[in-house]
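FYI, it's all coordinate maths here, none of it is from the lab. Just so it is clear, the model here is predicted, and its values are computed rather than measured. Because the Cβ atoms are built from the backbone with ideal geometry, glycine has one as well, and the counts that use them run over all protein chains shown.
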Amino acid sequence: MIQEKHLKIFKNTVIAIGVVFTFVILAANIKRSLNFGLPTYDYGIYQQAIFEIAHQKKLNPFMSVRDEYVFNDHFMPILLTAVPGVWLTNYANWFLTSYEWLWYVLFLVMVFYLTRNSPPEEKLGAMVAAFFCKGWLFALHFSAHPGPWSGVIWLILVYGIVKRYKRLILWSALSLILFRESYVFCLFSLGLYYLVFDDKKLGAKIFGFSLAYMFFLFYLRGILIGPSFNYAERLLRPFIADPVAGTINHLKTFKYKMVFKLFLPYLIPLVIWAKEAKREGKFSSPYVATFMLITPYYAMHFLSNKFNYQYGVAAVVPLLSLTIFTGTFRKVYAFNRYLYALMTILFLLNGTSYYKKFWSFFTHRYDNGSVTSASFNNELKTIQDILHRIPKTQKIVSTSFLTARMLQPGMTNVHTVEEFMKHPKYFDILVYQKHKTFPLDPNGRSKHEYMMETCKNMISEVLFNSDYYFIARGKFSRPCYVRNHQ
């Protein structure tokens, strides 16, 4: 049984270990960004977005990596806060992942600050839940996206809901829309809750703002900056085309195991909250308000089958915040200390595997099985020199891992290989990493072999060829680098 006198020791130990591993995450992600270890072409998208905003000093520059203007893709004004850091670091390609890490640190600091007067068992539970939050570790591993930066706002918003601080609720709710446009549906639902069940004045403000912002997103934005990418159509396409087959296929392919693991630590709190809500017998409670807030988000991501990657933060931080600020750790501790120990251990185990991954990246390996090699990293300068000599009028296509690492401000002619994207009819330069660089690259061995076979007759000049990279000049059509092209 846990003794109260040991709680402070446990808490301080968790904080010390957490601080060390927080810096391991930073060091590992910087190392990954310098050695092609960030397994996401999204990093290239958002890196080019902030590079071009900083370089061109325009609010909505074109991103060739995404074939779209910055705010015609996702509307995330919070990106603008990263621009001063881009200038300060002289367009360092590790800056974006470091900036995301700062938001994570701010989240941890706020958890520590808001629980500073709590009893030891609550502080210990809060720090374990925060340091081992799988949603955050998902996002930091799949760096970097502006959506997860909202973690600190979700935390403050639920704190305001629990404590009934109306001004804090209002301003933190309105702040959410800076991070991702889809959060407006959460505001709509929260405003509806307050309008119907609690504070009508507060509800009218949040609900009214959400309607006005929807009008801007879905109508005015198109008039002001042009049409935006229709993610809703892409999400609903299989269900509209064939509702029965689409639903059956979705249920068959849904990632049940991943979702269960993500939400496993919240099973005990859910039982506690259900009992308290039933005992109170009314809809006006922080539990109902929080679940009304996040239900639209859960609905969207149930349909998209994406609760991991950058989407994990908004999925679990509201539940984590509710666990902390409703005193759930304290209540469970008072009820049964063995149950408290089990609950705390579940939170701890929830994120342990990701700390192991980050430690592995930091010490000797990178993501997806790639290995440290000074050879392929040393060749980067040669590749960059070649690319800098290529006229800006020529179009470059590259594999996604390489794009972010070779991007420089003003380099607007790089496209990543993604099948759902629009592409010009022809590219002039082909750049890609070979399978040896990244054994489990999403393009895979078979796709690299496909590219080599189908592109070889389109090559007019090989500019660089090694065990790790290939650069050639020619007239490369879509069938060359995108399998199952249309």
Specify the angular offset, from 0 to 90 degrees and rounded to the nearest 10, of the alpha carbon long axis of helix 120-131 from the longest principal axis of the alpha carbons in the chain. 20 degrees
What is the magnitude of the charge dipole of the range 110-201 about its Cα centre, with +1 placed on the Cβ of each Lys and Arg, -1 on the Cβ of each Asp and Glu, and no other charges, expressed in debye to the nearest 20? 240 debye
Estimated vicinal HN-Hα couplings, Hz - the range 347-354 in sequence order (Karplus 6.51, -1.76, 1.60; Gly, Pro = x): 5, 5, 5, 4, x, 4, 4, 6
Per residue and in cubic angstrom, what volume does the convex hull of the Cα atoms of the range 122-279 have? 177 Å³
For the chain, compute Rg over Rh where Rg is the Cα radius of gyration and Rh is the Kirkwood radius from the inverse mean 1/r over Cα pairs. 0.99
Counting every Cα pair in the range 128-179, what percent are over 19 Å apart? 36 percent
Protection-proxy order for peptides 96-108, 250-262, each taking the mean of Cβ atoms within 10 Å per residue, highest first: 96-108, 250-262
Using helices alone, what [θ] at 222 nm do you get for the chain, with -39,500 (n - 2.57) per DSSP H run of 4 or more residues, divided over all residues and rounded to the nearest 500? -19500 deg cm²/dmol
Sorted by packing (mean other beta-carbon atoms within 10 Å per residue), highest first, where do 161-170, 62-71 land? 62-71, 161-170
Could you tell me how many degrees, from 0 to 90 and to the nearest 10, lie between the Cα long axis of helix 267-280 and the main elongation axis, the longest principal axis, of the Cα atoms of the chain? 40 degrees
Viscosity 1.306 mPa s, temperature 10 °C: what is the translational diffusion coefficient of the range 186-250 from Stokes-Einstein with a Kirkwood Rh over Cα pairs, rounded to a whole number of µm²/s? 112 µm²/s
Using the charge dipole of the chain (Lys, Arg: +1 at Cβ; Asp, Glu: -1 at Cβ; taken about the Cα centre), state which of 231, 79, 137 has its Cα farthest towards the positive end. 137
Size of electric dipole in the chain: Cβ of Lys, Arg +1 and of Asp, Glu -1, about Cα centre, debye, nearest 20: 880 debye
Residue order, fewest to most surrounding Cβ atoms within 10 angstrom, among 288, 316: 288, 316
Segment residue 225-residue 164, length gained on full extension (0.36 nm per residue, minus Cα span): 18.1 nm
Between residue 278 and residue 200, 0.36 nm times their residue separation minus their Cα-Cα distance comes to what? 25.7 nm
Rounded to the nearest 10, the angle in degrees between the Cα long axis of helix 166-176 and the longest principal axis of the Cα atoms of the chain comes to 20 degrees
Stokes-Einstein D for the range 282-369 at 10 °C, 1.306 mPa s, Kirkwood Rh over Cα pairs, in µm²/s? 101 µm²/s
Can you tell me how much longer the chain between residue 242 and residue 394 gets when fully stretched, taken as 0.36 nm per residue apart minus their C-alpha distance, in nm with one decimal? 50.5 nm
Can you tally the lysine pairs in the range 100-211 where the Cα-Cα distance is under 28 Å and the two residues are eight or more apart, or on different chains? 10
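What ranking do 44-56, 469-481 get when scored by the average of other Cβ atoms within 10 Å per residue, highest first?
The packing order, highest mean first, is 44-56, 469-481.
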Cα centroid separation - the range 306-353 against the range 139-200, whole Å: 19 Å
In Å, the Kirkwood estimate of hydrodynamic radius for the range 190-313 over Cα pairs equals 17.5 Å
Give me the mean projected area, in nm² to one decimal, of the convex hull enclosing the Cα positions of the range 26-145. 8.3 nm²
